[in-house]
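Peer 1: Take this structure, written in C-alpha cells, and hold onto it; I'll ask about it next.
Just so it is clear, none of the values below were taken in a lab; they were calculated from the coordinates. These numbers were taken from a predicted model, which means no experiment stands behind them. When we count neighbours, we look across all protein chains shown, and the Cβ atoms used for this are built from the backbone with ideal geometry, even at glycine.
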Amino acid sequence: MLVSRLYMVVDWPWVTVYHHIYEAVVSTDNIATPIAASLGDSITLAILSVSGQCLFIIPDTNTQIAICTTIITFFLALITPLLYYSWNNRYARPAVLQGWGPVLLAMLISSGVGVIMSKVAERFPTLLAFLPIINGIGGNLAAIQASRLSTHFNLTGQTDFGDFKTSVFLLLLVYPGHAVFLGAKQLLYPTHLTAAFYIAFFATATAQVMILLGMAYLLVMVSPHIRNLDPDLYSIPLLTAMGDFLGTSLLSLSVVVLDLSGLYTED
C-alpha cells in the first residue's frame, strides 16, 4: 500500500505535465518515456534503500525473517485483485496478455548485469560510479526512439525507416549528455582517472547507443509480425535491459583492456 500510494502521489504531477506537453503540440514520446523510466528507477531505489535500512536496524534475525515473509505474502495476495482490475481495464488488458514475456526477459538480462557488476566491484570499485551514467543515458535514448517508432507504427501500420535524422540526433546527444553528468559526478564524487579511460568511456557509450538504436528498429519491425504484438510492450523493456547489459559489459571490457595496457589507475 505504501508503494502504490507513493506512486499515486508522484503520478499526479506527472499526468499534469503530460497533459500540458500534449496541449503544447510537443511529441510526448520525447519526454514521457525518459521521465517515466527515471521515476520508476528513482522510486524503486528509494523504497529499497529505506526498507533495507529499516530492516537492518532490527537486531533479531527471526524478526527480520517474519517481517520479510509478511511483506512478500502481502504483495503475493495483491496479484489476484490487480490482475482482475487490469483485465477489466481495456487500456491495461494488452499489457496483461503480452507484457509478461518482455518483462521477464528484461529481468533475466538485468540479473546478468548484476553478476557482471559484482565482479567489477571487486576489481574496479571506482568504475561503479560510472555505470549508472552510461546505462541510464543509453537506455533512455534508445527508449525514446523505440517509442517514436512504435507510435508511428500504431498510427500508420508501417515502420518509419526514413526517420534517420532522429537517430543521428539521439546519437549526438550522447556527448553533451555524458559530459554534463560526468561533470556533476566529478563534483559529487571526485575521481582522478586517466584520459584514456574517458576516451574509452565515450567510445563505449557511442557503440552502446548505436547498437541500441539499431535494435529499436529491429524490435519495432519484428514484434507486430509475432502474434500481432504491441511494439511498445516488447521493445522498451528489452532495450532498457540491453542498455544496462551493453553499457556494463562493454565499459568493463574496456577497463580490463586499459588495465592490462597499464593505462588505467584508480585513486
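Peer 1: Compute the distance from the alpha-carbon center of the range 247-267 to that of the range 114-189, in whole Å.
Peer 2: The distance from the Cα centre of the range 247-267 to that of the range 114-189 comes to 20 Å.
Peer 1: Under 1.5 on a/c is rounded, so check that first for the range 105-153, then, if it is not, pick prolate when a/b is larger than b/c and oblate when it is not; a ≥ b ≥ c are the square roots of the alpha carbon gyration tensor eigenvalues.
Peer 2: Working: a/c = 6.79, a/b = 2.08, b/c = 3.26.
Oblate, since a/c reaches 1.5 and b/c is not below a/b.
Peer 1: Next question, about the same structure. Stretch ALA129-THR166 to full length: gain in nm at 0.36 nm per residue minus the Cα-Cα span?
Peer 2: Numbers: separation 37, 0.36 × 37 = 13.32 nm, distance 2.94 nm.
Residue separation times 0.36 nm, minus the Cα-Cα distance, leaves 10.4 nm.
Peer 1: Now a separate question. Over all pairs of distinct alpha carbons, what does the Kirkwood formula give as the hydrodynamic radius of the range 77-132, in Å? Before the final figure, lay out the partial values.
Peer 2: On the way: mean 1/r = 0.0713 Å⁻¹.
About 14.0 Å for the range 77-132.
Peer 1: If R0 is 25 Å, what FRET efficiency do you get for ILE58 and LEU78 from their C-beta distance, rounded to 0.05? Present the calculation step by step, with values, prior to reporting the outcome.
Peer 2: Numbers: r = 24 Å, r/R0 = 0.95.
It comes out at approximately 0.55.
Peer 1: Go ahead and run the numbers for FRET between VAL222 and SER86, Cβ-Cβ distance against an R0 of 22 Å, rounding to 0.05.
Peer 2: Details: r = 26 Å, r/R0 = 1.17.
About 0.30, to the nearest 0.05.
Peer 1: Please give me the summed charge of the neighbours of VAL120: other residues whose Cβ is under 14 Å from its Cβ, Lys and Arg +1, Asp and Glu -1.
Peer 2: Values: positive: LYS119, ARG123; negative: GLU122, ASP244, ASP259, GLU266.
Neighbourhood net charge equals -2.
Peer 1: In what sequence, highest mean first, do 59-67, 125-133 appear when ranked by Cβ atoms within 10 angstrom? Don't skip to the end; give the middle numbers.
Peer 2: Numbers: 59-67: 10.4, 125-133: 17.3.
By packing density, highest mean first, the sequence is 125-133, 59-67.
Peer 1: Work out how far the C-alpha atoms of the range 96-199 reach from end to end along every principal axis, then list the three figures in whole Å, largest first.
Peer 2: The Cα atoms of the range 96-199 stretch 51, 32, 21 Å along the principal axes, largest first.
Peer 1: Also: Hey, quick one: spin label on VAL96, modelled 7 Å out along Cα-Cβ, who in the range 226-245 has an amide N within reach, i.e. under 16 Å?
Peer 2: Once the point is set 7 Å along Cα→Cβ of VAL96, nothing inside the range 226-245 turns out to lie under 16 Å by backbone N.
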